[in-house]
1. Using a Förster distance of 35 angstrom, determine the FRET efficiency expected from the C-beta separation of residue 140 and residue 291, and round it to 0.05.
2. With 10 angstrom as the radius, rank 129, 67 by how many other C-beta atoms surround their C-beta, starting from the fewest.
3. Dividing the alpha-carbon Rg of the range 57-165 by 2.2 N^0.38 Å yields what?
4. For 294, 147, which order do you get if you count the other beta carbons within 10 Å of each Cβ and list the fewest first?
5. Extension gain residue 51-residue 214, at 0.36 nm per residue separation less the Cα-Cα distance, in nm?
6. Just rank 122, 170, fewest to most, by other beta-carbon atoms within 10 angstrom.
7. Could you work out the relative contact order of the chain? I mean the mean sequence separation of Cα pairs under 8 Å and 6+ apart, divided by the number of residues, in percent.
8. Roughly what percent of Cα-Cα pairs across the range 137-234 reach past 21 Å?
C-alpha cells in the first residue's frame, strides 16, 4: 500500500527539494525571492497564489526581522499550511439510512478508478456500498465501473449504454432501499466540461438525488488529475457552475510532480480536498490531511 507521504515523493524531489536547498543556508537576497517565486510557479502553486505567498512572506520578513534563509523556509511552511484550512466533517460520515454521493469529472481524470477505490475504502470500514453506473454515454465506462465493483466487492446498478443516467440513479436509490445499502456512490458522464448537454445531465442527476433522498446528494465530489496542474482549475470552475461541488478528489498524486496545485485549489476554488489517490492499487487511497501534506512536501 502506498502511503499518503510516499505519494508526495515526486513533488518533494522535483521542486520542494530545490526550495529546501535554496533556503537551506545564508541570508535572504533579491535572488532568493526571484528563485523562490519561480520554483513555486514550477510546482504548480499558480501565479496568483504564488504572488500572494511571496507578498505575505516579504511582509513577515520586514515585521519579524527575518534575515536568514532557513528562517524564511520555516515561514514558508507556515504560510502554505495556512492556505489549507481543515475541512468540515464529511457529510457521508454522518449516520443516515442512505447517503448519496455524486462523483463528477472529465474522462481520463481517474474518475472510475477513484470510485472503485472509494467503494473499497468504505466497505473495509463496514459500510454497505452500492455503485450506480451513471456515465451511460460511454459504454466502456459502464464496463469499467463493473470491473472496479468486482474488485471492491460491491454491486453495480447499471442500465443500457446511451440510456437515461437519471433513471439509473433512480433505480440505484430504489435498490439501495430494498437491499439495505447505506452508501450509494454514483458515477456521472465525463465528457468535456464545455458541453452544455453534459452539464444539463449533471443537473438532472442532482435533481433526481434531491427529489428521492432527503438532503441528497450529500456530497458531490469532483475528481481532478494531479498531473494536469492548472488546467484542472478551469475544469473545476465549469463543474462548480453546473452542480454544487462540495469537495475534491485528487487522483494520481503519486505520479505527479505538480502537487503544488493543492494550494491553488484551496485558494482559488475554496473547496476542500477530501481524498487523494496515492497509487495504482485499490487500497492506494487516503483521506487528505493538510498537516501530513505539508510534512510530505518539506520532509
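1. After rounding, the FRET efficiency stands at 0.35.
2. If I rank by nearby Cβ atoms, fewest first, I get 67, 129.
3. Ratio of Rg to 2.2 N^0.38 Å for the range 57-165: 1.68.
4. 147, 294
5. Length difference between fully extended and current span is 54.4 nm.
6. Fewest-to-most ranking of 122, 170: 170, 122.
7. The normalised contact order for the chain reaches 28 percent.
8. Counting pairs separated by more than 21 Å, the tail of P(r) holds 39 percent.
Any read-out appearing in this document is the output of simple, stated calculations on the displayed coordinates, not a laboratory observation. It should be emphasised that the depicted structure is a prediction, and the values quoted were computed from it without experimental measurement. Neighbour counts run over all protein chains shown; Cβ positions are idealised from the backbone, glycine included.
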